[in-house]
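One structure is given below, encoded as structure tokens.
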Amino acid sequence: MEISIIDGRKEKEFRESTKVLVDVFRSTTTIPYILKGGCSKIIPTASIKEARSIKRDIPDALLIGERYGIRIRGFDYNNSPYEVANANLNGKTVIFTSTNGTKVLERIKGKGDIFIASFVNAGATLGILQGRDRVDIVLSNRPDGPADEDIFFGEYLRELLEGKTPDREAYRRMIISSKGAKRLGLMGSKHDIYYTMKYDEIDFPVYFDGRYIIRYG
């Protein structure tokens, strides 16, 4: 297996491969929790305008998302694993937009299978990735540069794919002391870090089929 870790914001040309989208704080952690809560499907959008437009067509859908960490005005929930993990989303359609993750998702679609992963569903995702020829771990990072938490998860997932046993406690310490964690704390979202580091809390892979984000299989 050929494994690459890629900056999803800076890469100019994406090759055909199996891709894993990574946005640890918080999209690719929040999304698995949304689906675990019973959501039937997630419609990702790169813009707030598009999200509101879809909401007009599907009035019963929930709006979940943020810009620069802050819940968007009129949205039902923030892009927060803590918030959605404690919400009743059974049977709901969710329209989702974020500062980083959904923008990078838009950039990589159409170039192979796309899975969405974080520490919470890495184990479930691993089983699907094994046996693939090429796996690109695509980091969402941030508008102002690299996100150290995304880099750490990229390295964690690569270790798993290489058949190694990552030191979970070491990764936990790195995430908790990361710049991204400090940013979350300053935004009043420190509780999200705890939900982010629930290793394999979610027992299914998450897949983007080109239109919807769904449970895989």
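The values are calculated or read from the model by the stated rules, or taken from the named source; none is laboratory data. Just so we're clear, the structure is a prediction, and the values are computed from it rather than from any experiment. SASA here: full protein model, heavy atoms, side chains in, ligands and nucleic acids out. Shrake-Rupley method; radii C 1.70, N 1.55, O 1.52, S 1.80 Å.
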Using θ = phi - 60° and Karplus 6.51 cos²θ - 1.76 cosθ + 1.60, couplings along the stretch 143-151 (whole Hz; Gly, Pro as x): x, 9, x, x, 10, 4, 5, 5, 4
Accessible area expressed per residue, the stretch 63-215, with surrounding protein chains retained (probe 1.4 Å, Å²): 45
The chain: most fluctuating residue of LEU157, LEU35, LEU89 per GNM, C-alpha cutoff 10 Å: LEU89
Under-5 Å amide H pairs with VAL20, H placed in peptide plane, nonlocal only: PHE115, ASP136, ILE137, VAL138
Beta bridges per DSSP with both ends in the chain, % antiparallel, nearest 5: 30
For the stretch 115-163 and the stretch 23-90, distance of Cα centres in Å: 22
Among ASP144, ASP76, ASP113, residue whose mean-square fluctuation peaks in a GNM of the chain (springs only between Cα atoms under 10 Å): ASP144
Helix-only mean residue ellipticity at 222 nm for the chain, each DSSP H run of n ≥ 4 adding -39500 (n - 2.57), per residue, nearest 500: -10000 deg cm²/dmol
Percent accessible area from carbon and sulfur atoms, the stretch 66-217, protein chains only, probe 1.4 Å: 46
Nonlocal amide H pairs with LEU62, under 5 Å, H built at 1.01 Å: THR93, VAL94, ILE95
Heavy-atom accessible area order for ARG211, ARG183, ARG67, largest first, 1.4 Å probe: ARG211, ARG183, ARG67
Largest-first ordering by accessible area, 1.4 Å probe, given options MET197, MET1: MET1, MET197
Listed values (i) 18.0; (ii) 17.0; (iii) 18.7, entry calculated as Kirkwood radius over Cα pairs in Å: (ii)
Rounded to whole Hz, the Karplus (6.51, -1.76, 1.60) HN-Hα couplings of the stretch 17-33, x for glycine and proline: 6, 7, 10, 10, 7, 10, 8, 4, 10, 9, 4, 7, 9, 4, 4, x, 5
